[in-house]
Amino acid sequence: MGIDTDTTRRLRDGMAQGVLSFPLTSFHEDGSLDPDGFRAHVAAQIATGPGAVFPACGTGEFFSLDEDEYRVVVSVAVEEAGGRVPVVAGVGYGWAQAARFARIAEEAGADALLVLPHYLVAAPQDGLVAQLEQLAARTRLPLIAYQRGQVAFTAESLKRIAGIRNVIGLKDGHSDLDRLQRLTLAAPEGFLFFNGAATAEIQARAYAAVGVPAYSSAVHAFAPELANAFFTALQNGDHGTVDKLLRDFYVPLVELRDRVPGYAVSLVKAAARLRGRPVGPVRAPLTDPSAADLADLRTLLAAGLDLVGAAL
């Protein structure tokens, strides 16, 4: 670890000041990329003060973008950020394809890369480390590893990846707090950790207790008022407000999300559309919510916004 200490510092400062924004990628009704809609969405996200912006990641449907579309998405995010917040672009698949996306992100001006779990196969620890080594050798940008799905590092592997010059942090999506505590204890000073659980607010207190207070917020993509209210309450130790937001909004949202595979993205996009955001539909293999689920989402969103005095 040690590449680009300015990016590491900016990310650390941002993590302490606000949630991490994972913007949605805007599509037209025919499924084509909508750059203007995405620009408007990103600009609105940045205006609400996130700690960093992560375009073309899971919430941004990275898996559905071709290289030309990816270039547009990252470029727009960098332009709209204007240096005010760090821009961390998603890359993924095998290391060879990830390196192609990394080059595009470099050219577009991204500050760092989030390395999404590799495609399809399970792999031993040596292979997980080698994947990052191969990518790190092919980009000058700092890397944040993302463990989720088939990627899960041991404490020994964490020490090894933290020794790679480009690797500055780890995002965790497993919510295995025993494992995560071992990883934080094994990491060198200054190594960054992020809570990347689905609907991360649900487990934010638990993650903070093992030394990982920073988290990504899918809710921020459609209701930054709610996401920021939760973040502020958590930072201030206002557990009454945290509990109320969890009980009356976040837990019901998770129960709705769990009805259909892929709703972790589809519901977020649908909620953004309900608020007039120009994000469009999801791309296959995801599907937009059913009429019944959309009606339940509208009711829940209105109730959640009412908690913080915001309008649908």
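I need to check one value: relative contact order of segment 148-208, counting alpha carbon pairs closer than 8 Å and at least 6 residues apart, in percent. Walk me through the numbers on the way to the answer.
On the way: 57 pairs, mean separation 22.7, N = 61.
Rounded, it is 37 percent for segment 148-208.
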Discussion item. If I take all pairs of Cα atoms in segment 208-260, what percentage of them are more than 18 Å from each other?
Written reply: 35
Worksheet item: Working out 0.36 nm times the residue gap between residue 123 and residue 174, then minus their Cα-Cα distance, what length gain in nm do you get to one decimal?
Response: 16.7 nm
Worksheet item: For the chain, what is the calculated [θ] at 222 nm in deg cm²/dmol (nearest 500), taking -39500 (n - 2.57) for each run of four or more DSSP H residues and dividing by its residue count?
Response: -14500 deg cm²/dmol
Discussion item. Can you compute the charge dipole magnitude of segment 219-312 about its Cα centre, using +1 on each Lys and Arg Cβ and -1 on each Asp and Glu Cβ, nothing else charged? Give it in debye, rounded to the nearest 20.
Written reply: 380
Item to complete: Please give the helix 125-136 orientation as an angle from the longest Cα principal axis of the chain, in degrees from 0 to 90, rounded to the nearest 10.
Response: 90
Worksheet, complete the sentence: Taking a straight Cα-to-Cα line shorter than 20 Å from residue 159, and setting aside same-chain aspartates and glutamates fewer than 8 residues away, one finds 4, 126, 133, 172, 176, 178, 189
Worksheet item: Considering every pair of different Cα atoms, what Kirkwood radius, in Å, is found for the chain?
Response: 19.4
Discussion item. When the expected Rg is taken as 2.2 N^0.38 Å, what fraction or multiple of it is the alpha-carbon Rg of segment 2-46?
Written reply: 1.59
Practice prompt. Provide the gained length on full extension for the span residue 96 to residue 68, in nm with one decimal, where the gain is 0.36 nm per separating residue minus the Cα-Cα distance.
Written response: 8.4 nm
Practice prompt. Return the distance in nm (one decimal) between the two label points of a simple spin-label model at residue 30 and residue 181, each offset 7 Å from Cα along Cα→Cβ.
Written response: 5.6
Worksheet item: Which value does Rg/Rh take for segment 139-194 over its C-alpha atoms, Rh per Kirkwood?
Response: 0.93
Item to complete: Post the alpha-carbon centroid distance, segment 150-191 to segment 196-231, in whole angstrom.
Response: 20
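So, counting K/R as plus one and D/E as minus one, what does the shell of residues with Cβ under 10 Å around residue 56 add up to? Write out the running numbers ahead of the final one.
Numbers: positive: 71; negative: 61, 69.
Here the count lands on -1.
What do you get for trypsin sites (Lys or Arg not before Pro) in segment 270-312 restricted to DSSP loop and a cutoff of at most 12 other Cβ within 10 Å of the site's Cβ?
Counting only loop positions with at most 12 other Cβ atoms within 10 Å, none of the trypsin sites (Lys or Arg not before Pro) in segment 270-312 qualifies.
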Item to complete: Choose one answer from 279, 78, 251: the residue with the largest mean-square fluctuation in a GNM of the chain with alpha-carbon springs under 10 Å.
Response: 251
Worksheet entry | Most mobile of 149, 92, 51 in a GNM of the chain (Cα contacts under 10 Å) | 149
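How big is the shadow of the Cα convex hull of segment 224-312, averaged over all directions, in nm²?
Result: a mean projected hull area of 5.8 nm².
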Worksheet entry | Selected from 137, 87, 44, residue furthest toward positive end of dipole (segment 9-152; charges at beta carbon) | 137
Worksheet item: What number, in percent, do you get for the relative contact order of the chain if the mean sequence gap of Cα pairs under 8 Å and at least 6 apart is divided by its residue count?
Response: 18
Practice prompt. Please report the orientation-averaged projected area of segment 60-152, defined via the convex hull of its C-alpha atoms, in nm².
Written response: 5.7
Response to the item:
In units of 2.2 N^0.38 Å, the Cα radius of gyration of segment 175-235 is 1.16
Worksheet entry | About the Cα centre, charge dipole magnitude for the chain (Lys/Arg +1, Asp/Glu -1 at Cβ), debye | 520
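How do 41, 28 rank when sorted from fewest to most other Cβ atoms within 10 Å of their own Cβ? Present the calculation step by step, with values, prior to reporting the outcome.
Numbers: 41 25, 28 13.
Ranked by crowding around the Cβ, least crowded first: 28, 41.
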Worksheet, complete the sentence: segment 207-227 scanned against label point 7 Å out from residue 238 along Cα→C-beta; backbone N under 16 Å for 224-227
Discussion item. Cross-link candidates for residue 269: which lysines have Cα within less than 26 Å, leaving aside residues fewer than 8 places away along the same chain?
Written reply: 171, 244
Practice prompt. Let me know the volume per residue of the alpha-carbon convex hull for segment 6-109, in Å³.
Written response: 96
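Read-outs throughout are calculated quantities, based only on the coordinates presented, and are distinct from any laboratory measurement. Please read all numbers here as calculations on a predicted model, not as lab measurements. We place every Cβ from the backbone using ideal geometry, glycine too, and count neighbours over all the protein chains shown.
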